[in-house]
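Report on the structure given below.
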Amino acid sequence: MSTNLALGLLAEMAVFARVVETGSFSEAARQLASTPSAISRAVARLEKALGTRLLQRTTRKLRLSESGKEVLAHCQEMVAAAQAALDVSGQLSDEPAGLIRVSVPKAVGRFVLHPHIPEFLARHPKVDVLMRLEDRTVDLIDGDIDLAIRITDQPPPGLKGRRLLEIDHLLCATPRYLAEQGTPAHPHDLKEHNCIYLGEEPGDSRWKFRQGSKQITVQVHGRYAANHTGVRLDATLQHLGIASLPYFTARHALQQGLIVQVLPDWSFRTNYSGAAWILYPPTRHLPPKLRVFIDFLAERLRREPTLNRLGGGMADGYEVPEAGLREGYAG
């Protein structure tokens, strides 16, 4: 195929890719502000030029032919390259502008990220933020997001990241509960208490402790479990038991004396321990809107107090290109 003919079919290739992605001519037409008949004609022109049937059409659905599968891969690469070119053009402007789509675990988004968003929006009036609070792992490439904040040891392979804040966990209870039920002096004493835990997996009720070279795992029990840190904090304030909480959730109640730390001489670690990292696809040209957002969070979260380092977080500007992953959501 000549270069001129290929250039003349770029629009048809993009239409074909959108038809496959949406699964119908009518939906592709709606998204492209066209008509189903015009979309069908565009695909027919591409099939005629290539001399092969790309789609098997039935009354109920569309199915890719074998040659259609191969052609689709190239068409999607073309669309991705065009989007990358547009992204680069946006990066040539020094002023941050546009929409930032960030995926963040629910508790981290509510207690850690959200309080700082108003200041960021005031600083950058041309930048909008769409924060998706979700505990599931989202694909940064296919998930229609720009940035993801996850609790992990290090970014997964293929992504870059910046470490923002160490996520500490601890055990808490109200003074009233401890006065009525007694204060545990050793992790094994927790077996005699109502413990409020995450409750999503069997391992959530096996609490792990470390003190120097000693490591202990205790199977705890309780009448209430909840997979939301705010709910567990409220249950603690209602004197229902001893709860596992991220420090960022418990901090204000601790400072006000409403709750106290239990077993402070022992290090408590959950299956969701680690640091909050902001992750993004590797690229030579990070748009200004993303760079200022990442820098802003790193600077603000550096000031967030942590359990073992009050007054100082872990946002030290450390960036890595690739590493292993063990994710959680600071539940």
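The values are calculated or read from the model by the stated rules, or taken from the named source; none is laboratory data. All values reported here derive from a predicted model rather than from experimental measurement. Here the Cβ positions follow ideal geometry from the backbone for every residue, glycine too, while neighbour counts run over all protein chains shown. Surface areas here come from the heavy atoms of the whole protein model, side chains and all, with no ligands, DNA or RNA. Shrake-Rupley method; radii C 1.70, N 1.55, O 1.52, S 1.80 Å.
A few remarks follow.
- Within the accessible area of the chain (1.4 Å probe), percent carbon and sulfur: 51 percent
- Listed by chain and number, the lysines placed with their C-alpha closer than 20 angstrom to that of LYS126 are LYS289; residues fewer than eight positions away on the same chain are left out.
- Accessible area of ARG41 in the full protein assembly, 1.4 Å probe (Å², nearest 10): 130 Å²
- Radius 11 Å from Cβ of THR52, net charge of other residues (Lys, Arg +1; Asp, Glu -1): -1
- The separation of segment 8-58 from segment 184-242, counted between C-alpha centres, amounts to 56 Å.
- Look at [x] 23.3; [y] 26.4; [z] 20.5: the one that is Kirkwood radius over Cα pairs in Å derived from this structure is [x].
- Max mean-square fluctuation residue, GNM over the chain, Cα-Cα springs under 10 Å, options PRO115, PRO305, PRO246: PRO115
- Using the Cβ-Cβ distance between ALA38 and LEU99 with R0 set to 25 Å, the FRET efficiency from 1/(1 + (r/R0)^6) comes to roughly 0.30.
- A 1.4 Å probe run over the protein chains yields, for segment 169-269, 51 Å² of accessible area per residue, whole-number rounding.
- Modelled this way, with points 7 Å down the Cα-to-C-beta line, the labels at ALA81 and LEU258 are 5.8 nm from one another.
- The solvent-accessible area of LEU9, taken with every protein chain present and a 1.4 Å probe, is close to 10 Å².
- Sorting 160-168, 28-36 by their mean Cβ neighbour count within 10 Å, with the most densely packed peptide first, gives 160-168, 28-36.
- Summing Lys and Arg as +1 and Asp and Glu as -1 over all other residues whose Cβ lies under 12 Å from the Cβ of VAL43 gives a net charge of +4.
- Computing FRET efficiency as 1/(1 + (r/R0)^6) for SER26 and ASP128, where r is the C-beta to C-beta distance and R0 is 30 Å, gives about 0.50.
- Equivalent-ellipsoid semi-axes for segment 242-287 (Cα gyration tensor, √(5λ), whole Å, largest first): 34, 14, 7.
- Nonlocal amide H pairs with ASN194, under 5 Å, H built at 1.01 Å: ILE242
- C-alpha long axis of helix 36-50 to longest principal axis of the chain, angle in °: 70 degrees
- Think of each Lys and Arg Cβ as +1 and each Asp and Glu Cβ as -1; about the Cα centre, that makes the dipole of the chain roughly 500 debye.
- Rounded to 5, percent antiparallel among DSSP beta bridges of the chain: 75 percent
- Highest-fluctuation residue, THR22, THR229, THR152 considered, GNM on the chain with Cα pairs under 10 Å: THR22
- Prolate/oblate/rounded call for segment 4-67, Cα gyration tensor, a/c under 1.5 rounded: oblate
- Charge tally in the Cβ shell below 15 Å around THR249, where Lys, Arg are +1 and Asp, Glu are -1, THR249 excluded: -1
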